[in-house]
1. How much mean residue ellipticity at 222 nm does the chain get from its helices, if each DSSP H run of length 4 or more adds -39500 (n - 2.57) and you divide by all residues, to the nearest 500 deg cm²/dmol?
2. Please list, in order, the residues from the range 294-319 whose amide nitrogen is less than 19 Å from a point placed 7 Å along the Cα→Cβ vector of ASN247.
3. Can you give me the angle between helix 341-351 and the longest principal axis of the chain, using Cα atoms only, in degrees from 0 to 90, rounded to the nearest 10?
4. For GLY141, list long-range residues whose amide hydrogen, built 1.01 Å from N in the peptide plane, is under 5 Å from its own amide hydrogen.
5. Amide H neighbours of SER235 under 5 Å, counting only residues 5+ apart in sequence or on other chains, H built in-plane at 1.01 Å?
6. Sort LYS381, LYS269, LYS34 so that the residue with the fewest other Cβ atoms within 10 Å of its own Cβ comes first and the one with the most comes last.
7. Quick check on the exposure proxy: order TRP312, TRP88 from fewest to most C-beta atoms within 10 angstrom.
8. Have a look at ILE142, ILE123, ILE218 and tell me which one the Gaussian network model of the chain (Cα, springs below 10 Å) gives the largest fluctuation.
Amino acid sequence: MKMINQQLIKDTNMKQLYSSIYSNPGISRAALAKRNQLSKTTVSTLVDELIERKFVVDGGTGESESTGRKPNCLYVRTNSYYVVVLNWVENTICACLIDIAGTSVYQEVYELQPGENYVSCSISRLYQSVLNHCDPVQVLGICVVVSAMIDAAHNEVYSTTLSLPFMGEENIIDKLQTAFPEYPVAFLEDTACYAYAEKVYANIREKNFAFLNFSRGIGATLFIEGNMTGKASGSVTQFGHYSVDSNGPLCVCGNHGCLEVLISEPALKGRIREFGTIPSLAGKEKISFADLGRATTFRDPVALAMNRQLAWELAQALGNLVCVVNTSLIILGGNIPPLGNYFLNQVRQNLKKVGFRKMVDAVTVRYSILPSDSFLNGAMKYFFDIHYCFTDNDPSAFFIG
Ligand SMILES: [Zn+2]
């Protein structure tokens, strides 16, 4: 028992040190000790191990403010360790090899052929392609990312955007668990990965914040007191199925007027006719948030009216969200940022009219500032920060969320 505790403490300290070096390139051992409240001896021993194991590199002496001995500068080592991220979307697998220092070094998109399934194709993409781009022992683990609710309690995956029958695999969780025997595997939900990326790479300081992912569906991840509620499995909230109109259109979930059926990207095309026609978008097979954003930029009156209605619908849901959890920051991410500022300002104004005034007045609503594929890096970072263990990287480990 004592040994296990010692290993846990060592793992926690090594993670803290790696994270400090990652966030403060060039930091010295003395500064690391001070920042992490660890003794200089502990820091020195653990940094030596991080260097020995090629996680960190000693860049030699740097500048010193005093006339004393100049301290050595530490950096995280690049091209040394990787996490493989496999994103399953409709009939497609996007496979990425991401350096734990943050760089995506290889990416491919594979379209499933009729009769193929996600698990067997993920195995073939990994061994036939992705692992050709690094030494396989440099891979710390594999993340499989889906837009779905991964229900660990019932061993099931629910998705309204990923066509499950096509997957042809009833026990997808069981199959994933044994698919990659050489590596630890984490099965993650995409919105949680987006939210984690936002927290880490956009350096969010707010302890209570919500991240909303607008892509094929609408998902949300909440951080309360600095921690993600639940794990990254998408099983804590179903914000996309929050109804703002009980007489609204029927949603695939069986309810009426869910956000997903009203303001998700696939819903846009069908809603234009409520407001008229937008000549610049006529004849387009699909309408994206970016398409609607362009029409809005040029002040198309129908696009403006549509923006106002969508913003009102979202604001109602956000007002209620803020009443349940007093989030001080709400980030709209995924594909919605290109919709633009007119929509965002409408949401902000409408939010003031709904919800508990004292709370909604203190809420900041903004778009994500990260790229729309930031969830891939978010998955890598989540795996490394939450599941990777410096003292026991068990290849048979399987994590849901
Ligand atoms: Zn629904």
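No lab work stands behind these numbers, since they all come straight from the coordinates. Not measured: the values here are computed from a predicted model. For neighbour counting, all protein chains shown are included, and Cβ atoms are generated from backbone atoms with ideal geometry for every residue, glycine included.
1. Values: 14 runs with 142 residues, N = 401.
About -10500 deg cm²/dmol.
2. 309-310, 312-314, 316-317
3. Its long axis makes an angle of about 80 degrees.
4. VAL84
5. Counting only residues 5 or more places away or on other chains, the set is ILE150.
6. Values: LYS381 22, LYS269 16, LYS34 13.
Fewest to most other Cβ atoms nearby, the residues stand as LYS34, LYS269, LYS381.
7. Numbers: TRP312 17, TRP88 24.
Ranked by crowding around the Cβ, least crowded first: TRP312, TRP88.
8. With Cα springs under 10 Å in the chain, the top fluctuation among ILE142, ILE123, ILE218 is at ILE123.
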